[in-house]
1. Please report the relative contact order for chain B, taking Cα pairs under 8 Å with a sequence separation of at least 6, and give it as a percent rounded to a whole number.
2. Ballpark to the nearest 100 Å², how much total accessible area do A and B bury together, probe 1.4 Å?
3. Heavy atoms only, probe 1.4 Å: what % of the accessible area of chain A goes to carbon and sulfur, would you let me know?
4. Give me the one-decimal nm value for the distance between modelled label points at B:Asp14 and A:Ile110, 7 Å along each residue's Cα-to-Cβ direction.
5. Working out 0.36 nm times the residue gap between B:Gln55 and B:Gln70, then minus their Cα-Cα distance, what length gain in nm do you get to one decimal?
6. Per residue, how much accessible area does the stretch B:2-128 show when a 1.4 Å probe rolls over the protein heavy atoms, in square angstrom?
7. Between A:Thr15 and A:Ala30, what is 0.36 nm times their sequence separation minus the Cα-Cα distance? Round to one decimal in nm.
8. Give me the dipole magnitude in Debye, nearest 20, for the stretch B:1-106 about the Cα centre, with unit charges on the beta carbon: positive for Lys and Arg, negative for Asp and Glu.
Amino acid sequence: MKSLLCISRHSPYGTAIAREALEAVLAAAAFEQNIALLLMDDGVWQLKDQQQPIAGIQKSLARNLNALEMFGVDTVYAHQPSAQKRGLNTAELCIESIEWLDDDQVRQLISNHDHLLSF
Amino acid sequence: MKFTLVILGAPYSDSASQSALAFAQAALDDGHSIHRLFFYANGVYNASRLAAPPQDEHDLPASWTQLIKQHQLDAVVCIAAALRRGVIDATEAKRYQKDSNNIAEGFELSGLGQLIEASAASDRLLTFGP
């Protein structure tokens, strides 16, 4: 089986792209594919806790992130320098199992996967 | 080499669609094959046959339709992404009681499973996004 890495680089609610990236990850997991998710650049904002989208207009993205584990995506990778640059408080996040990576580790993660899906 | 292209950008909004089209043409000209074109997120707008760009601009949706027809490419539009954006075929228009449909010839509405299948079957997966 080929391994897939989805890289999500956009903030959760400004556009639909973060949601659609997560939907693709969930679909791959539902088809029992080997898929991992890496959040970097503005994508690390998806990890923020206390997300309060407008009821009836936007759906919570944190809920989709939390569903990943149930679909067999155990670890979410996140780019530590992206979080640091944005002052994201990594003590208060919406999911628990996050593996923080530096630049070299991201490079390695990418080369360890057969395909990239880049959002 | 066998490619699958994922197109995330709407025509004229950013360069994703134009770049993907140029890549597809170059790859085919070079003797490579394209397993599937997968239109997702705002990329689904490339499948509307109702786009009417000014005459002095490149008609991007028409170029996609032509390329798909000429090379008999498998062009899948994500059904969930398309329906919420109003890109719809005759079957779905009937199901949702809409008065019309707009999907261009050669494109097919289907699920994300088609993207997953394509990634497994291709040597390279290329994403063209905003």
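1. Relative CO of chain B lands at 36 percent.
2. Summing both sides, the interface buries roughly 1500 Å².
3. 45
4. 1.6
5. Full-extension gain reported as 3.1 nm.
6. Numbers: 6050 Å² over 127 residues.
Ligands and nucleic acids excluded, the result is 48 Å² per residue.
7. Full-extension gain reported as 3.0 nm.
8. Once rounded to the nearest 20, the dipole reads 500 debye.
The values are calculated or read from the model by the stated rules, or taken from the named source; none is laboratory data. Since the structure is predicted, the reported quantities are computational estimates derived from the model, not experimental observations. For neighbour counting, all protein chains shown are included, and Cβ atoms are generated from backbone atoms with ideal geometry for every residue, glycine included. The area values use the complete protein model at the heavy-atom level, side chains included, leaving out ligands, DNA and RNA. Shrake-Rupley method; radii C 1.70, N 1.55, O 1.52, S 1.80 Å.
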